[in-house]
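First up is the structure itself, then whatever we jot down about it.
A short reminder: the numbers here are calculations on the coordinates, not readings from a lab. Since the structure is predicted, the reported quantities are computational estimates derived from the model, not experimental observations. Here the Cβ positions follow ideal geometry from the backbone for every residue, glycine too, while neighbour counts run over all protein chains shown.
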Amino acid sequence: MSLDVHDALELPDQGLKRTLKDLFAGAVGGVAQVLLGQPFDIVKVRLQTTTQYSNALDAATKIYKNEGPAAFYKGTLTPLIGIGACVSVQFGAFHYARRAFEARNTELHDNHHLSYGQYYAAGAFAGIANTVLSSPIEHIRIRLQTQPHGAARLYNGPIDCMRKLSAHEGVLRGLYRGTAVTYLREAQAYGAWFLAFEYMMNADAKRNNIKREDISTLKIAMYGGLAGEALWITSYPFDVVKSKMQSDGFGEQMKYKSMRDCFAKTWAAEGARGFWKGIGPTLLRAMPVSAGTFATVEFTMRLIS
């Protein structure tokens, strides 16, 4: 998917066509991401938001025993539709920003290649663009994943959950709770994600004196998996705060008044370790999920290009 100097200065219709391809490939990658990662994600969220499990294995065992195997795919409908859209936006926004940097570099320096700071900025832009979708989608998913099992459940599905969250304090303070910290997490996470992946892809192409499109799918998956580890290691504390805020009660049951309050109370109650609860299953999940996402997106792009 690398471009030469002439490709950087595309005609409007060519740019639109390429963006639509980026969006489609991202959507396909998003579906793969959800199907691969949902069981790991529910374990992560339970560890982040409750104290009833001693570790990831204990959480997975108790979820299976008490709620059955289907519980690992609780709340999947929302992310299956929503995360497909989110990953579509991530890749569409990243490549839009990348092409803008390429055009600017060509104009100013007669060289379209991006610096790694620009790769990070393009990734951060993708994360910020994605937050409008990801914040309510992840909020709904977390509510469905953490609600009581059986007759005591609070929500009958994603639509019911969306309606009830919006009814509490309106759309912005209800459905979009935790959006401020989500902006921080998404910018950092996707800046690191795309930067790590592009660095490894460019280094491989240079080391072996080949074009980017000649890099094997196996290597793409490996680099994608490592990029997923970088994403979570660099952004995980923000994710913990987001999960705590988006599983918090309303009204008198609310523990955290703001992002800053949540950071302070987590530090006071749990120390630094509190910001890394659930990191084990998250990193275990990140490798196959991110590998599958990048491999699927790159394969789809090559197929439709």
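Hand me the trypsin sites (Lys or Arg not before Pro) from region 119-158 located in a DSSP loop with no more than 14 other Cβ atoms within 10 Å, in residue order please.
Arg153
Return one number: the angle in degrees, 0 to 90 and rounded to the nearest 10, between the long axis of the Cα atoms of helix 158-170 and the longest principal axis of the Cα atoms of the chain.
80
What FRET efficiency comes out for Glu213 versus Leu77 if R0 is 35 angstrom and r is the Cβ-Cβ distance? Round to the nearest 0.05.
Step by step, r from the Cβ atoms, then E = 0.50.
Quick one: compute the contact order of the chain, relative version, from alpha carbon pairs under 8 angstrom and 6+ residues apart, as a percent.
Result for the chain is 26 percent.
Against the longest alpha carbon principal axis of the chain, how many degrees, from 0 to 90 and to the nearest 10, is the axis of helix 259-270 turned?
It is inclined by approximately 60 degrees.
By how many degrees, between 0 and 90 and to the nearest 10, does the Cα long axis of helix 217-246 differ from the longest principal axis of the chain?
The angle comes out at about 40 degrees.
Which is farthest toward the positive dipole end of the chain among Ser235, Leu165, Asn105, measuring Cα position about the Cα centre, with Cβ charges +1 (Lys, Arg) and -1 (Asp, Glu)?
Leu165
Give a residue-ordered list of calculated ³J(HN,Hα) values for region 56-63 (Karplus: 6.51 cos²θ - 1.76 cosθ + 1.60, θ = phi - 60°; whole Hz; x for Gly, Pro).
5, 5, 5, 5, 4, 5, 5, 4
Beyond 17 Å, what percent of the Cα pairs of region 168-283 remain?
63
Hey, which of these cross-link pairs are over 27 Å Cα-Cα: Lys255/Lys277; Lys44/Lys257; Lys65/Lys265; Lys17/Lys206; Lys44/Lys265; Lys65/Lys164?
Pairs exceeding 27 Å: Lys65/Lys265; Lys17/Lys206; Lys65/Lys164.
Give me the percent of Cα-Cα pairs in region 106-197 that sit more than 19 Å apart, rounded to a whole number.
54
Can you give the Rg/Rh ratio of the chain, where Rg is from the C-alpha atoms and Rh is the Kirkwood radius?
Answer for the chain: 1.00.
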